[in-house]
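Below: one structure, written as structure tokens.
Read the figures in this text as sums done on the coordinates, not as results from a lab. Treat the numbers as computed from the prediction; the structure is a model and nothing was measured. Here the Cβ is made from the backbone with ideal geometry for all residues, glycine too, and neighbour counts use every protein chain on show.
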Amino acid sequence: MKQPIELFELCGKDRDVRFSPYAWRIKMALMHKRLSFEPVACGFLEKQAFAQSGSNTVPVLHDGDVWMGESWDIACYLEDTYAEAPSLFGGQVGRGAAHFFSIWADMNLLMPIFPIIVADIVTLFGDTDRAYFETTREKRLGMPIADTLKTREKNLESLHHHLRPLRALLKTQKFIAGKAPAHTDYLAFGCFQWARLTSPVNLLEGEDHIYAWRERMLDLFDGFGRAAKPGHQGQAQDSLT
Ligand SMILES: N[C@@H](CCC(=O)N[C@@H](CS)C(=O)NCC(=O)O)C(=O)O
């Protein structure tokens, strides 16, 4: 019998708290494809568990003989390997557009969200992962993590500037992919789910079209995203507004 698909993903000191934005993209893609999978929690210093993939980052997919890192490559692998299952891209043209959107989402969602939530993310790790995260991310930020708190308001404003095209789109259609969700939605959702699970900061207000879309995304697959455990106290940015 075929071994179940495994998905290696990042966890906090509470190993049930799983917040990697890239892993969420793939978890939603696996649900979309109706593939059952076993999530495997990994700390930053536990990469040995997926050494066979040659990847230094998660998510990593292990499916039979296949070991694969890089979330975009994994999405393409799932689309091609499980071609009979519901499509993530809706054909080659859709794949090209989704690839562009993946780059757009990295630059216009992930990057502007990061400085807003990083001071909360760091608190979710145990000592060893925390030290690793501080060293690597402070280098990336070019400042101590604590200093990001001084510019949180400004960073939120900047994020909302980046969100304008997404908001304009979601005013006219229910999902980024159109009438029904597909990989473009999972690409963006991963970013918002990351923020929602790591930080009590409210990125979206209740009357925002993006907020309504995120609610629809949280309801998908019997509330799969909504059921995830947040790392912070209290509710995960749903009914806080
Ligand atoms: N381009 C990669 C990025 C994945 C990535 O950066 N993952 C982070 C966790 S959210 C990671 O594993 N970082 C490992 C490290 O910093 O050592 C993808 O799309 O899969």
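For this structure, a couple of remarks:
- Cα pair count fraction exceeding 15 Å, expressed as % - the stretch 140-199: 65
- Remark: Tyr22, Tyr186 ranked as Tyr22, Tyr186, counting other beta-carbon atoms within 10 Å and listing the fewest first.
- Proxy reagent accessibility, fewest Cβ within 10 Å first, across Arg214, Arg25, Arg95, Arg152: Arg152, Arg95, Arg214, Arg25
- Counting neighbouring beta carbons within 10 Å and listing from fewest to most, the residues Thr198, Thr128 come out as Thr128, Thr198.
- Beyond 23 Å, the tail of the calculated P(r) for the stretch 1-141 holds 39 percent of the Cα pairs.
- Most mobile listed residue (Ala119, Ala105, Ala227) in the chain, GNM with C-alpha springs under 10 Å: Ala227
- Hydrodynamic radius of the stretch 51-110 per Kirkwood, over alpha carbon pairs, in Å: 12.7
- Cα-Cα over 31 Å, subset of Lys27/Lys150; Lys2/Lys139; Lys47/Lys229; Lys139/Lys174; Lys33/Lys229: Lys27/Lys150; Lys2/Lys139; Lys139/Lys174
- Note on Lys171: lysines with a C-alpha under 20 Å away, same-chain residues under 8 apart excluded, are Lys179.
- Environment charge of His62, counting only residues whose C-beta is closer than 10 Å and scoring Lys/Arg +1, Asp/Glu -1: -4
- For a straight C-alpha distance cut-off of 12 angstrom, the aspartates and glutamates reachable from Lys13 (same-chain residues fewer than eight places away being disregarded) are Asp127, Asp129.
- Rg over Rh, two decimals, the chain (C-alpha only, Kirkwood Rh): 0.94
- Between the beta carbons of Lys2 and Met111, assuming R0 = 41 Å, the FRET efficiency works out to 0.60 to the nearest 0.05.
- The chain, helix-only ellipticity at 222 nm - DSSP H runs n ≥ 4, -39,500 (n - 2.57), divided by all residues, nearest 500: -15000 deg cm²/dmol
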